[in-house]
Each structure stands twice: as structure tokens, then as C-alpha cells.
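Only one structure is covered here, and it is reproduced in the block below.
The values are calculated or read from the model by the stated rules, or taken from the named source; none is laboratory data. Predicted, not measured: the structure shown is a model, and the values here were computed from it. Cβ: placed from backbone, ideal geometry, glycine included. Neighbour counts: every protein chain shown.
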Amino acid sequence: MKKSELRIGQIGSGGRGELLGRLAHQPKHGSRVVACCDHNPKTIARCRADFGDTIFTTADYRELVKQDLDAVIIATPDFLHEEQAVAVLEQGLALYLEKPMALTVEGCDRILATAKKHKARLYVGHNMRHMAFVRKMKALIDAGAIGEVKACWCRHFVGHGGDFYFRDWHAERRYTNSLLLQKAAHDIDIIHWLCGGYSRTVNALGALTLYDQLPGRKPNTGTPRKVTVDEMDLTLFPPTKMRGLNHRIDVEDLSSMQMKLSNGVFATYAQCHYTPDYWRNYTVIGTEGRIENFGNGEPGTVVRVWNQRTNFKPKGDVEYKIRTARDMHGGADPLIVAEFLRYVREGGRTDTSPIAARESVAAGCAATESLRHGGVVLKVPPTKAALARWFENGGA
Ligand SMILES: NC(=O)c1ccc[n+]([C@@H]2O[C@H](COP(=O)([O-])OP(=O)(O)OC[C@H]3O[C@@H](n4cnc5c(N)ncnc54)[C@H](O)[C@@H]3O)[C@@H](O)[C@H]2O)c1
């Protein structure tokens with residue numbers, strides 16, 4: 001890198017960006033946020049308070065990418081990712097891009113091609129790969145604990161769905177395409193990672209079954225109205241009590257998809273946005289056993305393995321306690337930002353992968369199309385071999 005201290009810019013400094021910016025701003029450890037771009041003046045004022053009055057601020061990302069920077073973090077709404085990522089990469093800057101990589105497969109391929117052309121380091125924020133329970137499952141599967149993987153089922157209880165996804169832009173297809181893309185991008189990526197292949201055939205069913213029927217909806221002003229974890233009213237249940245949801249809601253709140261992976265593994269993923277509880281449960285079945293997580297990093301989280309023939313045996317044959325973490329992503333966020341900063345400095349291999357990020361978008365987009373066309377079975381277009389090779393060899 002050109003300097004010993006990394007100079008970091010941010011596009012989208014509120015919401016997810018607030019946390020990422022604070023984690024990346026480590027002046028004592030060689031990285032500093034020096035430029036912030038956001039539409040919201042209150043967010044810009046908060047950035048100055050966090051990072052100092054001398055930082056560059058703007059509401060126009062095209063101004064930010066012209067600054068003297070080493071890396072940029074993009075955490076804007078999904079529909080902006082493609083255009084902003086291309087602008088960053090064209091400057092040859094390293095990029096941390098939030099998931100989902102883009103709204104379309106073509107958008108992802110354009111981002112990948114731009115990173116390759118400009119030899120820029122591209123990193124996509126699939127932080128679940130840094131969650132302790134996922135890593136434990138991956139390590140056990142890779143060590144042969146369940147034999148050869150044949151199937152994976154994920155049940156995703158998105159209990160806070162109303163607060164997180166139906167109050168603002170997330171609820172509109174034009175900004176997210178679907179929640180099988182916006183939310184499930186994480187889980188499709190984890191299914192691919194645990195099972196060692198990418199979806200090549202998918203189908204899906206689902207519908208908008210509840211949130212569009214609630215009264216008291218509000219127009220989308222463009223200003224985030226999403227309720228944060230700290231603001232959430234947990235007594236607001238059942239979800240029919242919710243008010244103040246986004247004026248336009250046209251994404252599904254209940255869906256499930258099936259996938260056949262490149263290596264023959266069959267996977268299913270099911271998502272509901274109004275369960276009482278908020279967590280995800282994966283089970284992977286192999287030729288010699290089954291593995292499953294209970295909890296996502298909260299106190300009491302365990303991973304269990306069954307590898308002896310039995311009837312109901314709730315605790316499995318072996319149980320692994322998972323370290324707990326205070327943040328809601330199970331301690332993954334400091335780890336993913338640290339990995340990104342290391343990658344900006346040194347390059348090399350990372351636990352997240354831009355190709356895998358593209359493949360999760362490809363599967364999520366195909367599943368959405370299937371869901372909106374009666375559950376037809378669709379092929380998922382693979383990444384072009386030259387692009388896949390370049391990134392799999394470490395990229396820039
Ligand atoms: N990896 C994770 O666990 C995780 C968690 C939450 C969100 N995300 C991702 O982060 C992204 C942001 O999500 P969020 O929930 O923080 O959204 P948000 O709406 O809360 O925040 C988006 C921020 O971008 C700003 N913004 C909007 N349009 C802009 C523009 N044109 N130029 C500059 N700034 C603009 C907004 O003012 C806001 O500060 C999404 O892509 C989402 O998928 C990832």
C-alpha cells in the first residue's frame with residue numbers, strides 16, 4: 001500500500017455503515033476514516049463527531065471517490081451498490097461492499113469485471129462466515145464429522161422482520177428485488193459454503209401473506225425509518241399489532257426455495273418474517289451423520305452432531321458449546337472488518353469470496369423469479385470461468 005496508515009472513505013455512513021465505520025476507524029492500529037458520504041445531514045454530523053471535524057464530507061459519492069483514499073466501505077441500500085461499487089473500483093481503490101453484492105447477476109458480473117480490469121481489491125460483507133457457530137459447523141463438516149454432504153436445510157425465523165424489513169426501502173421490490181435476495185443472500189452463501197458447491201438449479205414458492213394487510217402505513221421519505229435493535233419494542237406481538245410500516249410493500253414475507261448444487265447436494269431454505277423468535281437453524285446431512293446449530297451466538301448456543309443410529313435424541317451424540325458474543329451478529333463484525341483491513345494491506349486469501357457473493361445473488365434472483373412465476377424450476381447462470389479463476393487465485 002502507498003501509506004502506512006490506511007485512509008478509508010465511507011459511502012452510506014448511517015445504519016450498518018455506522019458500525020462498520022467505527023470498527024474500521026482504528027488510528028492507533030493504522031486505519032482512519034477520513035471521508036464520509038451520506039444523504040442525511042444528521043449522519044454527516046455524527047461522522048464528524050466520531051472521526052473528527054477535518055474529515056471530508058459530501059452527499060455525492062462521485063466526490064468521495066476522487067479523494068486521496070486507500071479503501072472505501074459501501075453500506076448504502078442494495079439498489080445503489082452496483083453503480084457506487086463500479087465508481088470506487090474504477091479508481092483502483094479497495095472496496096468493502098455490503099451484501100447483497102448487487103440486485104442482479106449482471107450487476108454482480110459488472111462489479112467483478114471492473115475489479116479485475118482495475119486490479120482493485122474487492123471484498124463483500126458476508127459477515128456470517130465469521131460467526132462462531134457457522135465456523136464450527138464448517139470445520140466439523142470439512143473434518144468429515146458427517147461423512148460426504150448430501151443435503152442441507154435452513155429454517156430462517158426472521159422474528160424482527162416487521163421492524164427491520166417492512167418499515168422502509170427494504171419493503172419495495174425496486175430497491176431490493178426480494179427478501180430472498182436481500183435477507184437470504186447470507187444464508188444461501190452459508191449453504192454454499194457448508195456444502196461445498198453453488199446452486200445451479202432452483203425453484204421457490206412464497207407470497208406476501210401478512211404485512212400488506214396492516215393499517216397505518218407511512219410514505220417512504222427516503223430517510224431510514226427502520227427500528228434498530230435498541231429501539232425495538234419486544235411487547236409488539238403478534239405482528240398484526242404493528243403500525244407505521246412502509247406505504248408500499250411488495251416483497252414477500254413468507255418464502256421457501258429449493259436448490260440443487262453443482263456437486264449434487266440438495267438444499268432447502270425457508271424464511272418467515274413474523275415468527276416470535278429471531279434466529280436461523282441449519283442442519284446438514286451427510287453419509288455418516290447430521291449436524292445442527294441451536295442459537296446463533298447468544299448464550300447457550302450449541303452445535304450438535306448425531307452419528308449413531310437412534311430414535312429421538314435431542315442433545316445429539318456430541319455437543320459443542322459455541323462462544324458467545326454481545327453483538328447481534330455473534331461477534332462477526334469486528335472479525336470481518338479486521339479481515340478486510342488485512343486484505344487491503346496484504347491481499348491474499350480471505351474467508352469471504354466475491355465469487356461466492358455473486359453466486360448467492362444468482363441463486364436468490366433465480367429463486368425470486370421462480371416464486372413470482374408459479375414455482376418453475378430455473379437454471380442459475382454460473383460465473384464466467386475467467387472471472388472465477390482470477391478471483392479464486394486471490395484477485396488483485
Ligand atoms: N452484513 C450484515 O449483517 C448487514 C446488516 C445490515 C445491513 N446490511 C447491508 O447494509 C446496507 C445498508 O443497510 P442498512 O440497513 O444500514 O440501511 P439504512 O437505510 O439504515 O442505511 C443506509 C445509509 O445509506 C445512506 N444513503 C442512502 N442513499 C444514499 C446515497 N445515494 N448516497 C449516500 N448515502 C446514502 C442513508 O442515509 C443511510 O445512512 C444494505 O445493503 C444491507 O443489506 C448488512
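Any idea which residue in region 17-39 is modelled with the highest pLDDT, counting only those that are surrounded by fewer than 17 Cβ atoms within 10 Å (Cβ to Cβ) and within 9 Å of the ligand (Cβ to nearest atom)?
Only one residue fits best here, namely Leu19.
For residues that are in contact with a Pro (Cβ under 8 Å, 6 or more places away or on another chain) and closer than 19 Å to Ala357 by Cβ, tally how many sit in region 117-164.
Of the residues in region 117-164, 3 are in contact with a Pro (Cβ under 8 Å, 6 or more places away or on another chain) and closer than 19 Å to Ala357 by Cβ.
Inside region 263-363, counting only strands (runs of 3 or more DSSP E) that do not spill past its ends, which hold 1 or more residues that are assigned by TED's automatic domain parsing to the domain that holds Arg32 and free of Cβ contacts under 8 Å to residues at least 40 places away in the same chain?
Of the strands (runs of 3 or more DSSP E) lying wholly inside region 263-363, none has at least 1 residues that are assigned by TED's automatic domain parsing to the domain that holds Arg32 and free of Cβ contacts under 8 Å to residues at least 40 places away in the same chain.
Name the single residue, out of those in region 251-262 being touching a residue at least 60 places away in the same chain (Cβ under 8 Å) and under 19 Å from the mean Cα position of the chain (by Cα), that is nearest to Leu378 (Cα to Cα).
Looking at residues that are touching a residue at least 60 places away in the same chain (Cβ under 8 Å) and under 19 Å from the mean Cα position of the chain (by Cα), I get Met259.
Would it be correct to say that Thr228 is among the polar types (S, T, N, Q), within 16 Å of the ligand (Cβ to nearest atom) and assigned by TED's automatic domain parsing to the domain that holds Gly289?
Judged against the criteria, Thr228 is a match.
Within region 214-226, which residues are touching a helix residue (DSSP H, G or I) at 6+ places or on another chain (Cβ under 8 Å) and at pLDDT 80 or above?
Across region 214-226, the qualifying residue is only Leu214.
Among the residues of region 291-334, how many are in contact with a strand residue (DSSP E or B) (Cβ under 7 Å, 6 or more places away or on another chain) and on the phi > 0 side of the Ramachandran plot?
Final tally of qualifying residues: 2.
Taking helices (runs of 4 or more DSSP H) that do not extend beyond region 93-205, which have at least 2 residues that are under 19 Å from the mean Cα position of the chain (by Cα) and within 13 Å of the ligand (Cβ to nearest atom)?
In region 93-205, 161-165, 173-176, 179-182, 184-195 are the helices (runs of 4 or more DSSP H) which contain 2 or more residues that are under 19 Å from the mean Cα position of the chain (by Cα) and within 13 Å of the ligand (Cβ to nearest atom).
Can you report the number of residues in region 206-218 which are among the charged types (D, E, K, R) and outside any helix (DSSP H, G or I)?
Here the count works out to 2.
What number goes with the only condition from (1) outside any helix (DSSP H, G or I); (2) surrounded by 21 or more Cβ atoms within 10 Å (Cβ to Cβ) that Arg7 does not pass?
Condition (2) is where Arg7 drops out.
Considering each of Thr235, Thr310, Thr283, Thr287 in turn, give the residue that is out of contact with any Leu (no Cβ under 6 Å at 6 or more places or on another chain), more than 25 Å from Glu172 (Cα to Cα) and crowded, with 17+ Cβ neighbours inside 10 Å.
None of the others qualify; the one that does is Thr283.
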